[in-house]
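J.: This structure is in structure tokens; I'll ask about it shortly.
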Amino acid sequence: MTPEQLQEFKEKLLALKERILGDLEHLKGDALRNSFRDSAGDLSGYSLHMADQGTDNFDREFTFDLYSNEQDIIYMIDDALERIEEGNYDQCRECPSKISLNRLEAIPYTMLCIDCANKFERKRHR
Ligand SMILES: [Zn+2]
């Protein structure tokens, strides 16, 4: 990989990180607003609220789920940036193979070559 390519990946990763951090701020704001609304209570809309509760909980779980996924991605982005600095950006974490350029272009923060990623996928679904 050329230094120019590495620089491009680095910029891509930094832009992605910034975007995700922005999303996380939004999510945090939403979660806070939701818990405030719940603890304040709304007697006039009580029955409406009860009917709504199922979807409400679902939304909140979804928000937190998304939140932790994005935290994971931030972690992976930081790891990728460190690997760029160390000069082993395309080194798979699990085996001696290199991660292909195509794969890095699709998922610039991946830590695994395609073979290892497939192995992990299979393990998760077992
Ligand atoms: Zn591998």
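The values are calculated or read from the model by the stated rules, or taken from the named source; none is laboratory data. Everything quoted here is computed from the prediction, not taken from an experiment. Methodologically, a virtual Cβ is constructed for each residue, glycine included, from the backbone with ideal geometry; neighbour enumeration extends over all protein chains shown.
J.: Working carefully through the options PHE64, PHE120, PHE58, find the one that is within 15 Å of the ligand (Cβ to nearest atom), assigned to a helix (DSSP H, G or I) and modelled with pLDDT under 95.
T.: PHE120
J.: Still on this model: If you go through the range 68-94, how many residues are among the hydroxyl-bearing types (Ser, Thr, Tyr) and within 12 Å of the chain's Cα centre (by Cα)?
T.: Going through the range 68-94 one residue at a time, the tally reaches 2.
J.: Restricting attention to the range 94-113, report how many residues are among the aliphatic types (A, V, I, L, M) and near the ligand (Cβ under 8 Å from one of its atoms).
T.: Here is the first cut: in the range 94-113, the ones among the aliphatic types (A, V, I, L, M) are 99, 101, 104, 106-107, 111-112.
Next cut, near the ligand (Cβ under 8 Å from one of its atoms) only: 99, 112.
Adding up the residues that qualify gives 2.
J.: Any residue in the range 76-89 that is away from the ligand (no atom under 15 Å from the Cβ), among the hydrophobic types (A, V, I, L, M, F, W, C) and free of Cβ contacts under 8 Å to residues at least 24 places away in the same chain?
T.: Taking every residue of the range 76-89 in turn, none turns out to be away from the ligand (no atom under 15 Å from the Cβ), among the hydrophobic types (A, V, I, L, M, F, W, C) and free of Cβ contacts under 8 Å to residues at least 24 places away in the same chain.
J.: On to the next question. Could you grab me the full set of residues in the range 72-101 that are in a helix (DSSP H, G or I) and not β-branched (Val, Ile, Thr)?
T.: Once the filter is applied, which keeps residues that are in a helix (DSSP H, G or I) and not β-branched (Val, Ile, Thr), the range 72-101 yields ASP72, TYR75, MET76, ASP78, ASP79, ALA80, LEU81, GLU82, ARG83, GLU85, GLU86, LEU101.
J.: Name the single residue, out of those in the range 36-50 being surrounded by 11 or more Cβ atoms within 10 Å (Cβ to Cβ) and either acidic (Asp, Glu) or assigned to a helix (DSSP H, G or I) (or both), that is modelled with the lowest pLDDT.
T.: HIS49
J.: Ok, one more. Can you tell me which residue within the range 1-26, out of those that are of a type in the set (Asp, Glu) and free of Cβ contacts under 8 Å to residues at least 24 places away in the same chain, is farthest from ALA106 (Cα to Cα)?
T.: So, considering only residues that are of a type in the set (Asp, Glu) and free of Cβ contacts under 8 Å to residues at least 24 places away in the same chain, the one farthest from ALA106 (Cα to Cα) is GLU25.
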